[in-house]
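Colleague: Submitted below is the structure of interest, expressed as structure tokens.
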Amino acid sequence: MSSIIIDTSASRGVTGLLKFLLESGKIDAALTMRNDPENNTYDFGLITDASNLDEAVPLIPVMTVNAGQVLSSISISRKKIAAVLKPCELRAFVELVKREKGSLENLLTISYTCGGVFPLDTVITGQIKELLPKYRKTILNGEIPVNTRDTCRACEHFIPMNADITVSVIGECEPGVGCVMHLNTERAVEFTEGFGGERSDRKFDPSTLKKTLDARLAEKEKLFASVTKDGPGLDRLLDTFGKCVGCHGCSSVCPICYCLLCDFESANFDYNLPYFEEHLSRKGALRLPPDTIFFHLGRLTHMSFSCVGCGMCSDVCPVDIPVAAMFKKTGEKTAALFDYLPGRDVEESIPVMVYKEEEFPDIG
Amino acid sequence: MTDAQGKGAVLPVSKDPGDAILEFLRLAVAKELADAVILPMKVPSGDSFAWILMNDVSLFEGAVPIAAAMPVQGAKALRSLTRKGPGNLTVIAVMRPCEIRAAIELEKLGQVHTDNLILATYDCPGAIPLQKYVDDPGGSEEHFSLMRRSGKPDNTAKPVCHYCENFSMFDSDLHFGYFGFSEKEVLVIPGSDKGSELLKGLDLDLAKDLSDWKKGIDSLKAEREEARKSAFEETGEQLRGFSGMQSVFASCIGCHNCQSACPICYCRLCYFDSETAQQDPDALITAAAKRGGVSLPEDRIMFHVGRMTHMSLSCVSCGQCTDACPVSIPVAGVFSYVADRTQRTFEYEAGRNDGDPLPLRQFRKSELPGIHELVKNAESEEPSHE
Amino acid sequence: MKEFEMQESGQDRKLRAKVGVYICECGPNIAGKVDLDRIITDISELDDYQDVELVVKKYGFLCSAPGKEYLEEEINSNGFTHLVIGACSPRDHDSTFMGVCKKTDLNPYLYRIINIREHCSWVIDDKEKATVKAESYIRGGIARVLRQSELFEKPLDINPDVLIIGGGVAGMEAALSLSSDDRRVFLVEKTDRLGGVSIDLSGILPGQGEVIGKKIESVLGNGNIRVFLNTRVENVIGFLGNFEIELLSEENTEITEIMSGAIVVAAGGTLFDPRESDRYSYSGSDEVYTSLSIEKMFAGDDGAVLRSGKQPSSVALIHCVGREEKNYCSGICCSYMMKLACFFKKQSADIQVTEFYRDICLPKKNDQERFSEAQAAGVALIRIKDISLKGTNVSFERISGDKDKQSFDMVVLAPALEPSADTEYFADLLTVPLDEFGFFQEVHKMTNPVGTATDGVFIVGAAHGPKGVSDSMQFARASAGQILTRLIPGEKLIPEVAVTEISEAYCTGCGNCLEVCVYGAIYSDDSRGISVVNEAVCRGCGNCFGSCPSGALRTKHFTNTQLYREVDEALR
């Protein structure tokens, strides 16, 4: 495919593109992050009037909610939407499309090479704008900002070539002065027809990001090691999840957890008194409410191979359990058994939905 | 605070009030006056607590009856145990007054059955916010120790604790009073027949006069009332008009942690998570087109207003909602303020075990005579907005 | 590795709907004020519905015989999966078109009537505006109907027998009207005799005594009426067509169980005790009597005389006793007081009879006659503003404002007729609400005075409100009429289909819905810890729906999704 080079900052470039798409009528609405000027908070705007794009901050390193989750509630529509997504948000959305929880049909996806997001603790200080210059400098140096989410620092899937348009934020052009938008699909070419900027045959060159990739992989090693730093086993699981209060915030904000009523909140996990009495007679003590760890094991079973490591779960955990690191590691290893990578390809079937007559012969 | 009838029994204290309570419970179980107890215990990582139902007396010494933090609202533990019925076990639960009050509200809602529970409360000086405790268990314990001795929440305590007036005896079966006794004695006061029976069974004489202790409680209560007045004044100002709500809840990300942490929110599937509450995408985009855009996720403020409508009359101001919020919204401050007003309007006090039915279930032919005025006044204050 | 291939991808198994949209011109009523051709074009061209085929047509008068035939033919030949009719109010023809659907394979609950007459063409002058509104309504109807589900009527076997509570005039009349060889009547009376209050009235009116006596004979001699004396109703469960009743007789402590399809409450009324009001203070030894006591005396041999046996020389008849306190007029007292006045005069022309009244109420054909008779007999009639009694000393304020006092030998009070003491007990037992006066609440004063909120439970006689013998009998016959037409021996009943159901997955058994259900249709299932709706009793009113915070309740055919999507689409 081709690319467009624009002589403005990446952020302004993307906003300009959205403006063009809305004003030309090529899309009905644009989904992007915006900054509420009155309260200095961040949310998503589904914008239909181009003049409202002044509040847009499409590339802001903030994730208050995973855009995949937001998109799934609006994408099954006859209207055309352009959405600016972080790589993990796009991958999460693809996983949701596979589960009939979203549609790519009328969607133009715009993603970018992502340097990671600040945790919510930082977002609520209102200091994001002040932190941006240093953040940009760090990522452009191919280094990893220390004050971003741990899973972001360890993320190797930060180059979203499965989007319709990929914007190079890290590398490729002089920052603040120019940006490159890679048009990866026919749809991208179609939608950008008439949009300004220099057209080029330039293809994305992954070697420009080798330094960043290596740094991320190294961080991932460290992160995965920390998950089982005191050794594996149920005791260590207890250590990590022992202080879980069962708020289920992790599953609420997880883009993949799409069930309206989680099995663990349903009547299936209501216990009759004989259960408690029996436990007491056997063990002398029982935690209430029960199934603290079971919930996490269940969630791992149900969704870990689709985990995209966005880190929302750890961020909302009221007791700072490193849920994301645990789920990312488990998910990656489980998915690998099936040669599966979540979000890579919408045609790739979810492992548990595929029947193979012969599989894992060594497990028997 | 319930009027403690005149006299209580005294428990000797060797280490601290919590220890005295443990000894009391050991005896109760040993004498088969109870089958089991529910108490907080430290979790394996040592930086939080969990509720443990236990009948093995040898495990009691690891328990911390008066815990510095409240990671899980005790009423939730009681709900998981007794939702399906009272069962055959007699269980003594030692919890904060707000936890017992929440359990009483849940009983009215069919979620808790207290027939075989002996609910025991204690003088509560407040609790350390969960996040603070997890970050620094040692420092938090020190602060809590001081709070316990003085009976006053300090600047590390949860904001709602500062103006909680129900920090001492309430409609519980038993109450452990120790404020003002410099950790040398703990009073055990019966609040019901169940409680009296238990004390009789333990051969504890109700010999100690309660008036000194009560005086101390009353003066602490007066301080809390003062704090309540000024806190509510401030909250009232902040919440003025729709823009007030918007600015207080501006950073809300719609995670619904507050609803999960709330002991009263008993619905399996919250209305706002249900299919009905999800907007049809086409309708949403059309609505967006009319206004130039719409903020997503949708209905973040509506969720809070809806939650208030559903549970405000039973809110016991325990503050778990603020503790659970990942973006530090003072949810409990807002909900306490609203709950105070809604409960007053219906002359209903959440957590009372006096047979007063839930206001939303009662039909009265004539009710709220001043409501039209109220609505008119509220409307006149609020400029019309899109 | 061999991979098993699915015949058809799961995602290909989708619902393909075909919706018939038929718009009725209603002659000029709709067609004259709404541009139907434009609506047909616009809706036919909608690209909004993938996997939905729309067939949009108009027709002159869909409710006419040829119209219905046309509709039936269209449904059959097109094989519609859903149907939307743009026409008049559902009150007019919802059931008409449902009837058409029932003749086809299309489930009648996959159809919806949209009102574009009363809501559009009849109320909007501007044709453009009316057309826009009608079109948005119809689009809303399409969105709604696509979210409707098939519902099936479940005919129930019924018991045609009837339980009548109370053996007074009303109860007996109902029993006689209802009983037949294929319908038994159970007449339950708490005292040891039939006749109720009217027994005490026997021998007063020409022929009335015989009437009551004859009624009692007929009832006792009727093989299809089983009479239970000295018996009380202990428990009632069930619903129209299937009630289970427990009776307890005073003699033996055993419970008798009976079944019936309907219950007629003829529990009667009683007289207000004048001493409950500060106005009337007298003791048991004073010569102060209620009208009923006087009636009894007149029925006896001695007539209405003083305790000493002597004739009273002066009698005060005080009307409206308790009227201000109760806030209603009992409607029968003026009539019988005139009658009593004449009886006193007949007993002895020397008795000075004075009637004190606030207003005169003589509504029936023959009452005026009594009034003239009383006047002719020399009865004094004094209209008062206020009155009070100390023993037989009457203090009163005339309508002119003058205050006066008079002493009498005997005073007769006409107290208000109030609900019997058993009323609250039965209200609770049968889940029938009481009105503001404490009588059973009827469905509607004019259109359905004998029905109650609980289907199958009817109220007659003084239990419904103050009335005399003949009115009580009329009410009894009215209730019989309803029962005879609805509970037909051998035929089944079809209960309401659009009722509420509770999702076991979402319900937590909090009981909010149970508390607010006025029909007593929800019960608690403790073993599952949830609330459950008895679909035979539920009327689909939706009160419970509003009380559930989580939406675990669904009122069929009126679900949130259906309503929200209809509105969303109409407003788009």
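The values are calculated or read from the model by the stated rules, or taken from the named source; none is laboratory data. Keep in mind the model is a prediction, meaning the values are calculated, not measured. Using ideal geometry, Cβ is built from the backbone for each residue, glycine included, and neighbour counts are taken over all protein chains shown. Just so you know, the surface numbers come from the protein's heavy atoms only, side chains and all, with ligands and any DNA or RNA stripped out. Shrake-Rupley method; radii C 1.70, N 1.55, O 1.52, S 1.80 Å.
Colleague: I'd like to check something: does the range B:62-77 contain any residue that is open to solvent by 50 Å² or more (accessible area, probe 1.4 Å) and either among the aliphatic types (A, V, I, L, M) or within 12 Å of chain A (Cβ to nearest Cβ) (or both)? Walk me through how you get there before you give the answer.
Modeller: The initial filter retains those residues of the range B:62-77 that are open to solvent by 50 Å² or more (accessible area, probe 1.4 Å), namely none.
No, that holds for no residue.
Colleague: Just to verify a result, which residue in the range C:536-572, among those that are within 23 Å of the chain's Cα centre (by Cα) and either closer than 18 Å to B:A287 by Cα or in contact (Cβ under 8 Å) with a residue 60 or more places away in the chain (or both), is surrounded by the most Cβ atoms within 10 Å (Cβ to Cβ)?
Modeller: C:V537
Colleague: If we scan the range C:510-529, do we find a residue that is in contact with a strand residue (DSSP E or B) (Cβ under 9 Å, 6 or more places away or on another chain), in a loop (DSSP other than H, G, I, E, B) and facing another protein chain (nearest Cβ under 10 Å)?
Modeller: Yes, the conditions are met somewhere in the range C:510-529.
Colleague: Is it the case that some residue within the range B:100-115 is more than 10 Å from chain A (Cβ to nearest Cβ), in a helix (DSSP H, G or I) and farther than 27 Å from C:G509 by Cβ?
Modeller: No, because not a single residue in the range B:100-115 is more than 10 Å from chain A (Cβ to nearest Cβ), in a helix (DSSP H, G or I) and farther than 27 Å from C:G509 by Cβ.
Colleague: While we're looking at this one, here's another question. Looking at the range A:1-76, what strands (runs of 3 or more DSSP E) fall wholly within it and have at least 1 residues that are facing chain B (nearest Cβ under 9 Å) and among the acidic types (D, E)?
Modeller: Filter on the range A:1-76 gives A:29-36, A:41-47.
Colleague: Looking at the range B:271-284, which of its residues are touching a Ser or Thr at 6+ places or on another chain (Cβ under 7 Å) and more than 7 Å from chain A (Cβ to nearest Cβ)?
Modeller: B:Y271, B:T276, listed by residue number.
Colleague: Could you say which residue among C:V197, C:V236, C:V211, C:V188 is at pLDDT 85 or above, closer than 20 Å to C:A478 by Cα, of a type in the set (V, I, T) and in the same structural domain as C:L429 (by TED's automatic domain parsing)?
Modeller: Values: C:V197 fails: closer than 20 Å to C:A478 by Cα; C:V236 fails: closer than 20 Å to C:A478 by Cα; C:V211 fails: at pLDDT 85 or above.
Step by step, each of C:V197, C:V236, C:V211, C:V188 is checked, and only C:V188 is at pLDDT 85 or above, closer than 20 Å to C:A478 by Cα, of a type in the set (V, I, T) and in the same structural domain as C:L429 (by TED's automatic domain parsing).
Colleague: I'm trying to understand the selection: among the residues of the range A:238-291, which are over 24 Å from the mean Cα position of the chain (by Cα), at the interface with chain B (Cβ under 7 Å from one of its Cβ atoms) and within 15 Å of B:S260 (Cβ to Cβ)?
Modeller: Hits for the range A:238-291 are A:V245, A:E265, A:S266, A:P289.
Colleague: If you don't mind, there's one more thing I want to ask. Quick one: how many residues across the range B:253-265 are in contact with a helix residue (DSSP H, G or I) (Cβ under 7 Å, 6 or more places away or on another chain), open to solvent by less than 20 Å² (accessible area, probe 1.4 Å) and either within 9 Å of another protein chain (Cβ to nearest Cβ) or assigned to a helix (DSSP H, G or I) (or both)?
Modeller: Residues in the range B:253-265 being in contact with a helix residue (DSSP H, G or I) (Cβ under 7 Å, 6 or more places away or on another chain), open to solvent by less than 20 Å² (accessible area, probe 1.4 Å) and either within 9 Å of another protein chain (Cβ to nearest Cβ) or assigned to a helix (DSSP H, G or I) (or both): 4 in total.
Colleague: Restricting to the range A:81-109, name every residue that is among the hydroxyl-bearing types (S, T, Y) and open to solvent by 10 Å² or more (accessible area, probe 1.4 Å).
Modeller: Residue satisfying the conditions is A:S103 alone.
Colleague: Within the range A:83-118, can you find the residues that are of a type in the set (G, A, S), within 12 Å of A:L71 (Cβ to Cβ) and part of a loop (DSSP other than H, G, I, E, B)?
Modeller: Hits for the range A:83-118 are A:G102, A:S103.
Colleague: Take residues that are within 24 Å of C:V52 (Cα to Cα) and tell me which of the strands (runs of 3 or more DSSP E) falling wholly in the range C:78-191 contain 3 or more. Before the answer, list the steps.
Modeller: Numbers: elements: C:82-87, C:111-115, C:162-165, C:185-188.
Once the strands (runs of 3 or more DSSP E) in the range C:78-191 are filtered for at least 3 residues that are within 24 Å of C:V52 (Cα to Cα), what remains is C:82-87, C:111-115.
Colleague: Another question about this same structure. Kindly indicate the residue of the range C:337-374 that is touching a strand residue (DSSP E or B) at 6+ places or on another chain (Cβ under 7 Å) and assigned to a helix (DSSP H, G or I) and also most open to solvent (accessible area, probe 1.4 Å) among those meeting that condition.
Modeller: C:K345
Colleague: Let me ask another. With the requirement that a residue be of a type in the set (K, R) and more than 8 Å from chain B (Cβ to nearest Cβ), what does the range C:548-572 give you?
Modeller: Residues satisfying the conditions are C:R554, C:K556.
Colleague: May I ask you to verify whether B:G236 is in contact with a helix residue (DSSP H, G or I) (Cβ under 6 Å, 6 or more places away or on another chain), more than 9 Å from chain A (Cβ to nearest Cβ), open to solvent by less than 20 Å² (accessible area, probe 1.4 Å) and under 30 Å from A:T122 (Cα atoms)? Spell out how you get there, then give the answer.
Modeller: Working: in contact with a helix residue (DSSP H, G or I) (Cβ under 6 Å, 6 or more places away or on another chain): no; more than 9 Å from chain A (Cβ to nearest Cβ): yes; open to solvent by less than 20 Å² (accessible area, probe 1.4 Å): yes; under 30 Å from A:T122 (Cα atoms): yes.
Against the criterion (in contact with a helix residue (DSSP H, G or I) (Cβ under 6 Å, 6 or more places away or on another chain), more than 9 Å from chain A (Cβ to nearest Cβ), open to solvent by less than 20 Å² (accessible area, probe 1.4 Å) and under 30 Å from A:T122 (Cα atoms)), B:G236 does not qualify.
Colleague: Then there's this: Return yes when C:E515 is among the acidic types (D, E), over 19 Å from the mean Cα position of the chain (by Cα) and within 19 Å of C:N560 (Cα to Cα) and no when it is not.
Modeller: no
Colleague: Name the pairs: first residue in the range B:37-59 and in contact (Cβ under 8 Å) with a residue 40 or more places away in the chain and more than 7 Å from chain A (Cβ to nearest Cβ), second residue surrounded by fewer than 22 Cβ atoms within 10 Å (Cβ to Cβ) and assigned to a loop (DSSP other than H, G, I, E, B), Cβ to Cβ under 8 Å, at least 6 apart or on different chains?
Modeller: B:V37/B:N55; B:L39/B:V64
Colleague: Out of curiosity, is C:I255 open to solvent by 30 Å² or more (accessible area, probe 1.4 Å), within 30 Å of C:Q482 (Cα to Cα) and at pLDDT 90 or above?
Modeller: yes
Colleague: Counting only residues that are in contact (Cβ under 8 Å) with a residue 40 or more places away in the chain and within 10 Å of chain A (Cβ to nearest Cβ), which one in the range B:285-321 is least open to solvent (accessible area, probe 1.4 Å)?
Modeller: B:Q320
Colleague: May I pose another question? Looking at (1) at pLDDT 95 or above; (2) open to solvent by 50 Å² or more (accessible area, probe 1.4 Å), which is the one condition that is false for A:K356?
Modeller: With respect to (1) at pLDDT 95 or above; (2) open to solvent by 50 Å² or more (accessible area, probe 1.4 Å), A:K356 is out only on (1).
Colleague: What number of residues within the range C:298-329 are in contact with a strand residue (DSSP E or B) (Cβ under 8 Å, 6 or more places away or on another chain) and open to solvent by 10 Å² or more (accessible area, probe 1.4 Å)?
Modeller: Of the residues in that region, 6 qualify.
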